[in-house]
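Before any comments, here is the structure.
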There are 4 protein chains.
Amino acid sequence: MACINTDLALEAREAVGEIPGVEMEQEKKGETLVTRVHVVTPMGARRMGKPIGRYVTIENEELSRAETLRDREMGGIIAEELRALLGEEQDGCAMVAGLGNRELTPDSLGPRVTGEILVSRHIKENMPDFLDERVRSVCAVSPGVMGVTGIDTGELLRAAVESVRPACLIAVDSLAARSRRRILGTVQLSDAGVVPGSGVGNHRTALTRETLGLPVVAIGVPMVVRAAVIGREALETALNSIVRREGNETPMARRIRGYLDEETLEELSQEDASMRGFVVTPVSIDEAVRNVATLVAEGINRCLQPELKYEEIQAML
Amino acid sequence: MACINTDLALEAREAVGEIPGVEMEQEKKGETLVTRVHVVTPMGARRMGKPIGRYVTIENEELSRAETLRDREMGGIIAEELRALLGEEQDGCAMVAGLGNRELTPDSLGPRVTGEILVSRHIKENMPDFLDERVRSVCAVSPGVMGVTGIDTGELLRAAVESVRPACLIAVDSLAARSRRRILGTVQLSDAGVVPGSGVGNHRTALTRETLGLPVVAIGVPMVVRAAVIGREALETALNSIVRREGNETPMARRIRGYLDEETLEELSQEDASMRGFVVTPVSIDEAVRNVATLVAEGINRCLQPELKYEEIQAML
Amino acid sequence: MACINTDLALEAREAVGEIPGVEMEQEKKGETLVTRVHVVTPMGARRMGKPIGRYVTIENEELSRAETLRDREMGGIIAEELRALLGEEQDGCAMVAGLGNRELTPDSLGPRVTGEILVSRHIKENMPDFLDERVRSVCAVSPGVMGVTGIDTGELLRAAVESVRPACLIAVDSLAARSRRRILGTVQLSDAGVVPGSGVGNHRTALTRETLGLPVVAIGVPMVVRAAVIGREALETALNSIVRREGNETPMARRIRGYLDEETLEELSQEDASMRGFVVTPVSIDEAVRNVATLVAEGINRCLQPELKYEEIQAML
Amino acid sequence: MACINTDLALEAREAVGEIPGVEMEQEKKGETLVTRVHVVTPMGARRMGKPIGRYVTIENEELSRAETLRDREMGGIIAEELRALLGEEQDGCAMVAGLGNRELTPDSLGPRVTGEILVSRHIKENMPDFLDERVRSVCAVSPGVMGVTGIDTGELLRAAVESVRPACLIAVDSLAARSRRRILGTVQLSDAGVVPGSGVGNHRTALTRETLGLPVVAIGVPMVVRAAVIGREALETALNSIVRREGNETPMARRIRGYLDEETLEELSQEDASMRGFVVTPVSIDEAVRNVATLVAEGINRCLQPELKYEEIQAML
């Protein structure tokens, strides 16, 4: 899992409001809301706390339900948006990297997704005659997390990239959001690069189009909200309620409102250091993450294999 | 998982303070704090929101660590306290019931524990000559949860009890606490009876010494704090901080303190209905629950097999 | 897992040949072969080593492939054959029992299937207004195996049946076959009753229409071939090859052929007692059993919910 | 899993008998038999079907039992033999590689072992002050299998080795044996190099002391016997029995004995091509592999951390 407060550019944008250097547009695809945030300038990047790049969020409350999987619309939307971010028509091997820890449910999205990717590179290289030529070469790695391997994930991933020399890299990771309703309800795609395991330790290796020399797209789904964020949220609701109870225009209400700005709320809710290491998740996260992993894998497979029908991809898995 | 706010009598007692009809004593065993709450009168039960009975909590911050498992002291404490609650020296088959849903990590304690119980009833009944005669007859069931079976768990468990006719029943379940530090850090034992899946639906079957005609002890470990409780906790911390900032004796501080009583905090933090279905857990719950399940199973095995050494029990598992 | 050599009536019939008191018919449904063996008389039962009753096998080499799951034809065939065995149009609650040990891959079919059954009894009984009235009441239990619970599985299941009083019982279990190609390639349905954990211990409780007073159908899929059977198979192939090498009509060939009858082969291959406890499975059994469990659950769900479309069932799971 | 018939040099030696260029010695350590086979010459290597190098097998029937884990003797023996093969006193980071497929029980040994290795490299490099200085730097990778990643395992592992530049490489893998009693009953250590996924495809990358420039030790445990081998074993038993029945010195017996040499048996038992893809395993392999993985991890941890006591290692895991 990445960043401290939110890994979603959309939420960062909601928090800072409209600012110069950051563009945003929204589009409704059926029941699904697609938001495109473009961090254009260094100033915008600083204010947002996110590197320059494009961030696409795909929101749908039903995201993690088995039904959503079955109707295939969502997989198609993910495939489309991913294709747009990868850019120009591509050839050559695509590498999918599943970041995170398979053994920790809320961090297991990446390794689960790689387990459902249609890999073909080994057949394409060793026994090309056995493979339908419409199938694009794809490989998939799950480098593990630093706490388990003892090796910076970026370092391992870079070694794999340098050895395999793929045409593009798609990295899948679990994210943290600020809002509970986005847990397992939003997919974010971004071409701003990948910083595996950010926040843990200080030596991190950023994997970007610049450092690797190939298109890099990160795909993530928020799996948790940090407990500290929940505290902040509850505090805001409660202070607003106190304001109402005191009567909006009383001196007390005004005074309380003084505590209601972004920064002070943050400060007040972070005093409780013991919140660290705790996260808020839906009770049913185990099942939800299985469904979402299948969905994201479907999106990636359909994007990388444009000449295959959905049924053909499934049959080859 | 059971109750709305806390399943721990200790926390209910902390919330209501000292009241008539409820007795409490504490004992330190090494690094471990054992608290015995005795709800004696119907009035005490009403005030506490807990049935009449004895509740023992065993608290140790290291509870879920692999090291704690290895030194065996904690297993011994659980065995001792369990024996005290089961009462008079026993003969006959003991039944251990693992309540909860094996597929939901924070609800999986019960079924995990039953998987590590030394069961012997089938050998004792069918091939007694193959069994060391010091081994007591024990059986273990995991009836599953109503959402998965379609059957009230209490109904299934009662059917098993009536068919097997054990001498005592020990039911293990996951609990919810109010305080994060008690998650996976506290074991509660109680002779007040078991209400499987309380809170879900309204037809519940209480399993008690009275309804079953045999000693019934419930063992539970808090696995989560409900998200709403976290909000309340964060709010309390924040309001106290506002009081300090305003200056303790200012009119504003006094006014704020008015919101700091138990009931109002509860009210304010429950306004956010969307918290339902969300729980707060440690990131590493998957591993912690494995360790705690092994620990609780050790405690039960050592209690039920007083004539076997720890090593003998392990060797028979 | 049940019987010593084969749990499939079809294979028993193949071994004994055509005998009085046993009827057999075959039907081709697309790529799938449906064989119906009817053991009619006690004499037939003795010769077959199978109780009187109807046994339907559904054979398809692709049974365990993800593709088979997706085209839904096979689920429909299972539903149809199950309905025929259950008999007259039914009302009232159906109970599905998953026999076997969830923790042992080749014995895990039953518990996996129950995890995918659409259960509704608890809603039907407690909150009928929340349930589409076309949904039939269904419940599902996984009593566990005797080695883990210490209780005869039949005893636990009978207790559940007597408490819930369902209108019919469908019991799912892992089977052993004689032929490797039937592993995970055949579904057997039978109305001859269920003997959970046959072969283990001697006290077993048969669950039949007669003992329970309600229709009982067993559904099973062979997951393994016992190692001893493989030995027999290899021996037969080798002796035939020796016969060919020696020249069909030489005295040596004739002598060898003397060893090629059923009984002698059995004898010769059973001399190696050390084969016990070993089974033959496909390398990829873990994945195959997941697919087959989903398939069998689909068949049961579609049989028990004739008024719901496949998509409606899936949406409610 | 590796080789066609047996991955154990000990079994290859048993099959070919005493030959020039291959040395063998045995030592009894308590109940455990340690056999050291040294393939010295190219001729010996050809006859054995094994590369030049030292092969140590540690055999104990109780290997996979939980009790064996508890008494720690076996872990000590593995540590000792591993140290002898790694050679001269070492400094610098050790890399442990878990080969095989975590999702396939009989191929999951490697990834399971890496999950229990004490990794320290990341702390040693980034926060050395937080680490007891007696702890040696260790890292652990699980590159996955080619069928899942699309990348030759040797290629991925070599990339990791070249990036991390460890002082030595220890590779753990599941093996196939010829004899059922060696399944989960034998540990083999070898300094002859590692050929991940041998047998699958033809492009394989051997990882040896020569190609990598550092000590390489492979550790493996047989998890299966290929079904074809079982057939051969059954055939041998049966033919011997036929010889006895015919009367040892009759012409028929002598003729049959003609089929009893190694090569013919192999031929006869390999006629059944359908055996491919099937393996023979103990019914309880799921549990056994967990125990053996913990045991092998203990051996590696104790070897790599000679300055730490067993308890200290466990406490740091």
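The values are calculated or read from the model by the stated rules, or taken from the named source; none is laboratory data. Predicted, not measured: the structure shown is a model, and the values here were computed from it. Cβ placement follows ideal geometry from the backbone for every residue including glycine, while neighbour counts extend to all protein chains displayed. In case anyone asks, the SASA skips ligands and DNA or RNA and just uses the protein heavy atoms, side chains included. Shrake-Rupley method; radii C 1.70, N 1.55, O 1.52, S 1.80 Å.
The C-alpha atoms of chain C define a longest principal axis, and helix C:285-304 lies at about 50 degrees to it.
Counting Cβ atoms of other protein chains within 10 Å of each residue's Cβ and taking the mean over peptide C:257-266 gives 1. In the context of the full set of protein chains, residues of chain B present 40 Å² of accessible surface per residue (probe radius 1.4 Å, heavy atoms only).
Normalise the Cα radius of gyration of the stretch D:245-317 by 2.2 N^0.38 Å (N = residues in it) and let me know the number. Walk me through the intermediate numbers first.
Values: Rg = 24.2 Å, N = 73, 2.2 N^0.38 = 11.2 Å.
Cα-based Rg divided by the globular estimate yields 2.15.
Under the criterion of Cα pairs below 8 Å and six or more residues apart, the relative contact order for the stretch A:230-275 equals 43 percent.
Kirkwood analysis of the protein assembly as shown, using all unique Cα-Cα pairs, places the hydrodynamic radius at 33.3 Å. Leaving out ligands, DNA and RNA, what percent of the accessible area of the stretch A:230-275 is carbon and sulfur, probe 1.4 Å? Whole-percent figure for carbon plus sulfur exposure: 47.
Dividing the convex hull volume of the alpha carbon atoms of the stretch D:119-278 by its residue count gives 164 Å³ per residue. In order along the stretch D:251-266, the Karplus-derived 3J(HN,Hα) couplings, from 6.51 cos²θ - 1.76 cosθ + 1.60 at θ = phi - 60°, round to x, 4, 4, 4, 4, 4, 4, x, 8, 8, 7, 2, 5, 5, 4, 4 Hz, and Gly and Pro are given as x. Protein-only accessible surface at a 1.4 angstrom probe places the residues A:Arg165, B:Arg70 in the order A:Arg165, B:Arg70, largest first. How far is it, in nm, from the label point at B:Asp129 to the one at A:Thr41 when both lie 7 Å from their Cα along the line to the Cβ? Simple spin-label model gives 9.2 nm for this pair.
What ranking, highest mean first, results for peptides C:97-103, A:211-217 when packing means the other Cβ atoms within 10 Å averaged over each residue?
Details: C:97-103: 25.1, A:211-217: 19.3.
The peptides rank, most packed first, as C:97-103, A:211-217.
Of interest is the spacing of the C-alpha centroids, which for the stretch D:241-317 and the stretch A:249-317 amounts to 48 Å. Here the stretch C:96-195 is treated with +1 on each Lys and Arg Cβ and -1 on each Asp and Glu Cβ, and its dipole about the Cα centre works out to around 480 debye. Estimated translational diffusion coefficient (Stokes-Einstein, Kirkwood radius over Cα pairs, 25 °C, 0.890 mPa s) of chain C: 119 µm² per second.
Relative to one another, the C-alpha centroids of the stretch C:130-183 and the stretch A:91-121 are positioned 36 Å apart. Out of B:Pro51, B:Pro222, B:Pro42, any idea which swings most in a Gaussian network model of chain B, alpha carbons joined below 10 Å? Residue with maximal mean-square fluctuation among B:Pro51, B:Pro222, B:Pro42: B:Pro42. Taking Cα atoms only, the orientation of helix C:227-246 departs from the longest principal axis of chain C by about 30 degrees. Here A:Gln90 yields copy-to-copy label distances, from shortest upward, of 3.8, 5.2, 6.2 nm, the label point defined as 7 Å from Cα along Cα to C-beta. Between copies, C:Gly147 shows label-point distances of 2.6, 3.2, 3.5 nm, shortest first, with the point placed 7 angstrom from Cα along Cα to C-beta. Between the helical axis of B:153-164 and the longest alpha-carbon principal axis of chain B there is an angle of about 20 degrees.
Of all DSSP beta bridges confined to chain D, the antiparallel ones make up roughly 60%.
If you take every DSSP beta bridge whose two residues both sit in the protein assembly as shown, what share of them, in percent to the nearest 5, is antiparallel? Write down the numbers at each step before the final one.
On the way: 114 of 186 bridges.
Here the share of antiparallel DSSP bridges comes out near 60 percent.
Among the GluC sites (Glu not before Pro) found in the stretch D:12-49, those both in a DSSP coil and sparsely packed, with 14 or fewer other Cβ atoms within 10 Å of their Cβ, are D:Glu18, D:Glu31. If the chain linking A:Glu287 and A:Glu88 were pulled fully straight, counting 0.36 nm for each residue of separation and taking away their Cα-Cα distance, it would gain 68.0 nm. Summed over both chains, the contact between B and A buries some 3600 Å² of accessible surface at a probe radius of 1.4 Å. Across the identical copies, the label point of A:Pro51 (7 Å from Cα in the Cβ direction) is separated from its matches by 3.9, 5.9, 6.7 nm, in order from shortest.
Can you tell me the relative contact order of chain B? Whole percent, Cα pairs under 8 Å, sequence separation 6 or more.
Numbers: 616 pairs, mean separation 72.2, N = 317.
Normalised by residue count, the contact order of chain B is 23 percent.
Once Rh for the stretch D:4-161 is found with the Kirkwood sum over Cα pairs, what is the Stokes-Einstein diffusion coefficient at 10 °C and 1.306 mPa s, in µm²/s? Value of D from the Cα-based Kirkwood radius: 86 µm²/s. Please list, in order, the residues from the stretch C:204-230 whose amide nitrogen is less than 19 Å from a point placed 7 Å along the Cα→Cβ vector of C:Glu266. Flagged as within label range: C:225-230. Comparing mean-square fluctuations of B:Met127, B:Met48, B:Met223 from a GNM of chain B with C-alpha springs under 10 Å, the top value falls on B:Met127. A Förster distance of 30 Å, applied to the separation of the beta-carbon atoms of C:Glu80 and A:Glu62, puts the FRET efficiency at 0.40.
Past 27 Å, Cα to Cα: identify those pairs from D:Lys28/D:Lys309; B:Lys29/B:Lys124; D:Lys28/D:Lys50, in the order given. Violating the 27 Å Cα-Cα cut-off are B:Lys29/B:Lys124.
Look at the stretch A:138-149: the mean tally of other chain Cβ atoms within 10 Å of its residues' Cβ atoms is 6.
With viscosity set to 0.692 mPa s at 37 °C, what whole-number translational diffusion coefficient in µm²/s follows for the stretch B:230-275 from Stokes-Einstein and a Kirkwood radius over Cα pairs?
On the way: Rh = 10.9 Å.
Answer, rounded: 301 µm²/s.
Dipole of the protein assembly as shown, Cα-centred, from +1 at each Lys and Arg C-beta and -1 at each Asp and Glu C-beta, to the nearest 20 debye? Intermediate results must be reported in sequence, preceding the final value.
Details: 148 positive and 196 negative charges, 1 e Å.
Rounded to the nearest 20 debye, it is 0 debye.
Taking A:Val229, A:Val280, A:Val16 in turn, the Gaussian network model of chain A (Cα-Cα springs below 10 Å) assigns the largest fluctuation to A:Val16. The label point for A:Arg245 and the one for A:Glu307, both projected 7 Å from the Cα toward the Cβ, are 6.8 nm apart.
Taking the Cα centre of the stretch B:205-317 as origin and charging only Cβ (+1 Lys, Arg; -1 Asp, Glu), how large is the dipole, in debye to the nearest 20? Can you show the working numbers first?
Details: 12 positive and 18 negative charges, 31 e Å.
Approximately 140 debye in magnitude.
In chain A, taking the dipole from charged Cβ atoms about the Cα centre, the farthest positive-side position among A:Thr294, A:Pro222, A:Val161 is held by A:Pro222. Phi-derived couplings, Karplus 6.51 cos²θ - 1.76 cosθ + 1.60 at θ = phi - 60°, listed residue by residue for the stretch B:167-176: 7, 7, 10, 10, 10, 10, 8, 7, 10, 10 Hz, with x used for Gly and Pro.
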